[in-house]
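Trainee: Quick one: structure below, then a few questions.
Computed from the coordinates by the stated procedures, all read-outs in this text should not be read as laboratory data. What you are looking at is a predicted structure, and each value in this text was computed from that prediction instead of being measured. Cβ atoms come from the backbone with ideal geometry, glycine included; neighbour counts cover every protein chain shown.
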Amino acid sequence: MKQFGEFGLDTLNECLWRSDKPIALPPKPFAVLRYLVEHSGRLITHDELLEALWPETYVQPQVLRTYMLELRKVLRDDAGQPRYIQTLPKRGYRFIAPVMESANLAEPIAKSISEPALQVAAQGEAPNPIVNRDEEITSLKSQLELAASGQRQVVFVTGEAGIGKTALVDAFCGQAASRCAASSARGQCVEGFGGKEEYYPVTEALRQICASPEGDKACRVLARIAPAWLAAIGRESIGSTQPAAGSRMPGDLCAALEEMVADQLLILVFEDLQWADDATLHLISALARRRTHARLLLIATYRPQDFATDHPAKGLKQDLRMRRLCAEIALAPLARAAVRELLSRELRQEELPPGLAGFVHRRSEGNPLFAIAILEHLMAQDFLVREETGSVARWVQTAPDKEMEASVPEGLAQMIELQLARLEEQELSILEAGSLMSVAFPSWAVAAALQRDPDEMEEACQNLTRRLYFVERAGEDELPDGTRSTFYVFAHGLYREVLWRKQTEARRARRHTRIAERLAELFAGREGTVARETAMHYEAAGNWQRALSALRTAARHALDRQALAEAAELLERALRLTENLRESEGEVAACELSRDLESVRQALNQAQEYEHTTSGKA
Ligand SMILES: Nc1ncnc2c1ncn2[C@@H]1O[C@H](COP(=O)(O)OP(=O)(O)OP(=O)(O)O)[C@@H](O)[C@H]1O
Ligand SMILES: [Mg+2]
């Protein structure tokens, strides 16, 4: 934390504090302030600031003036007699207050909150980063209070695509982490072939828990109570003499989680249950029904509109509701005033062009994703332009509503299509290639799919994140050959869906095959670690022989790790794929696979019996 005057700049959490109160500051002004504070005492020219914050993008220097005005307002600074930011006319700015490093301010605040009541102070609360969801946040906070007192809580957050389920959960988890030291872990259910993997989102959430600051404790608990789960996330059960074999039993994980949350409040989020595998739903059901003390808040999001009538998640929610074991927050569309606020925030302008909020509200029907897409569209089409008068810049509308009306399509998917239609061919191909990966897409995979140079693609992806609001950098991986590759995500799943659909099946198949081949090259010598992923690509490409061979490798890899249940699941999947082979080929492969599967099942039964007897003796 960097301290100046009564302010604290928390660069880790990207938050500005005044005394003990957080102050909302959008990302760019925050970045400007951070740069000035980190280079305090020295002149920062306009060019240096622009280069540091918008590398390789031309930005009007005028925009800096707008941010300075905003910062001065927040810091209560006076340009004439500055205490913090001094303007050096025609040259730049200098941060003139002394800056000291101090411990994180947020900690004493978090610790001072008396649990279990977890009084979430109304005063000094970080303002909601999203609009119009105060009631929902308050309701989630009450659930958290109950969870903090040991009464586990389950909440379903529901609503159509783009209505703001993820945004609500993010905003709530962010506030909970800073106000009451709750930790959170998240598991994403994925659509399509990736989603067939048993317990996919649960494993993802467990990995996060084990990688968190309390991760060592979590691993020890898993090693003792649920070793098969620890093995499934690729961790060794240190010091354990027990084999990590056996299947992942939901009861074991429930017990392990209950022990982990004995002294650490946990928010466990499962996103997009409409794509959940049955095993994950079974686990959520088990977690919700157990009655023991647990400082756990489980939040699950889903789109009810995407459910088939007999979707198991629907039944699960109805059953839990009937037994009063869960709550539901059904998100309604934003009202007109909320859309106005959303637009004001996006444009950073209090007063909007007359009629704009009404127009966007009507066309988006209050769906925030649609509203943002419409706004981006109006800007790209120059229906909204930034006009400067003296030192003030503001957004103005250039055409009558009627003309704007005609340019905005009816549905969200058509809106996305229209945005994609404006892209250049290469940009579109990059995004299409990205849509072939389940969640995040690495630039090496894009390069492989499109047969392009990896460095060139890395740069192109990076550029796309600057130009397009719906592509975000998500992190960086080190590949086995030592090179680094950045990976990206679509800000919203609908973009991925539309991009995926845009490709013909044959084109998708070619691209999937190239990604799978590149995976095998990159991981030569340790194919087992990526064999499941390789198999998914070959399966999506309809290359059954290669998919079978990759699944076999994945099963062998699982056996090497004593993950018998996983091996069985992979072999079962391989067996199903043999139906796609030519008759004689299919029969031979099915015969071999059935034999392998039989012996794995026998080993699994023995391991389960062994577990049963040893736990019985204990
Ligand atoms: N209340 C809000 N205020 C401001 N922005 C919002 C709000 N709700 C959603 N958004 C924005 O709208 C977009 C879509 O929201 P989000 O991704 O949360 O939708 P979702 O309901 O999770 O959709 P999906 O079902 O597809 O996962 C995001 O860019 C998000 O930041
Ligand atoms: Mg979402």
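Trainee: Mind listing P(r) for the stretch 339-409? All alpha-carbon pairs, 5 Å bins, whole percents.
Mentor: The distribution over the stretch 339-409 is 3, 17, 31, 28, 14, 5, 2, 0, given as percents.
Trainee: Mind listing P(r) for the stretch 130-332? All alpha-carbon pairs, 10 Å bins, whole percents.
Mentor: Final binned percentages: 9, 37, 38, 15, 2, 0.
Trainee: Scale the Cα Rg of the stretch 130-184 by the rule-of-thumb value 2.2 N^0.38 Å and send over the ratio, two decimals. If you can, show how the numbers build up before the last one.
Mentor: Working: Rg = 11.4 Å, N = 55, 2.2 N^0.38 = 10.1 Å.
For the stretch 130-184, the normalised Cα radius of gyration is 1.13.
Trainee: Note down the Stokes-Einstein diffusion coefficient of the stretch 418-555 in µm²/s, whole number, using a Kirkwood radius over alpha carbon pairs, 10 °C, and 1.306 mPa s.
Mentor: Values: Rh = 15.1 Å.
Calculated translational D: 105 µm²/s.
Trainee: Let me ask you something else. For the chain, give the share of DSSP beta bridges that are antiparallel, in percent and rounded to the nearest 5; count only bridges with both residues there.
Mentor: Working: 33 of 54 bridges.
Taking every DSSP beta bridge with both residues in the chain, the antiparallel ones total about 60 percent.
Trainee: What is the calculated FRET efficiency for Leu88 to Glu6, with r their C-beta to C-beta distance and R₀ = 25 Å, to the nearest 0.05?
Mentor: Rounded to the nearest 0.05, the efficiency is 0.50.
Trainee: So which of Lys165/Lys317; Lys73/Lys402; Lys2/Lys73; Lys141/Lys317; Lys28/Lys73 end up more than 26 Å apart by C-alpha? Could the numbers behind the result be given before it?
Mentor: Details: Lys165/Lys317 17 Å; Lys73/Lys402 38 Å; Lys2/Lys73 19 Å; Lys141/Lys317 21 Å; Lys28/Lys73 15 Å.
Flagged as over cut-off: Lys73/Lys402.
Trainee: Using only alpha-carbon positions, what ratio does the radius of gyration of the stretch 471-542 give when scaled by 2.2 N^0.38 Å?
Mentor: Values: Rg = 13.8 Å, N = 72, 2.2 N^0.38 = 11.2 Å.
Here the answer is 1.23, to two decimals.
Trainee: A further question follows. Based on the Cβ-Cβ distance of Asn463 and Ser391, what FRET efficiency does E = 1/(1 + (r/R0)^6) give at R0 = 25 Å, to the nearest 0.05?
Mentor: Details: r = 31 Å, r/R0 = 1.24.
My answer for the efficiency is 0.20.
Trainee: Right, something else. For the stretch 550-563, what does the Karplus curve 6.51 cos²θ - 1.76 cosθ + 1.60, with θ = phi - 60°, yield as ³J(HN,Hα) per residue in whole Hz, taken in order and with x for Gly and Pro?
Mentor: 5, 5, 4, 4, 4, 5, 4, 4, 5, 5, 4, 8, 6, 8
Trainee: Taking N as the number of residues in the chain, what is its alpha-carbon radius of gyration divided by 2.2 N^0.38 Å?
Mentor: Values: Rg = 26.7 Å, N = 618, 2.2 N^0.38 = 25.3 Å.
That works out to 1.05 for the chain.
Trainee: Going Cα to Cα from Lys90, which aspartates and glutamates come in below 16 Å? Please leave out same-chain ones fewer than 8 positions away.
Mentor: Of all the aspartates and glutamates, those that pass the test against Lys90 - Cα under 16 Å, at least 8 places apart if same chain - are Asp47, Glu48.
Trainee: Find how much the distance from Ala24 to Glu583 grows on full extension, using 0.36 nm per residue of separation minus their present alpha carbon separation; answer in nm with one decimal.
Mentor: Working: separation 559, 0.36 × 559 = 201.24 nm, distance 6.47 nm.
In short, 194.8 nm is gained.
Trainee: Using all alpha carbons of the stretch 546-618, what is the percent of pairwise distances in each 10 Å bin, ordered from the shortest bin to the longest?
Mentor: For the stretch 546-618, the binned pair fractions read 21, 45, 22, 10, 3, 0 percent.
Trainee: So what's the back-of-envelope 222 nm ellipticity for the chain, counting only DSSP H runs of four-plus at -39500 (n - 2.57) apiece and dividing by all residues, rounded to 500?
Mentor: Rounded to the nearest 500, it is -16500 deg cm²/dmol.
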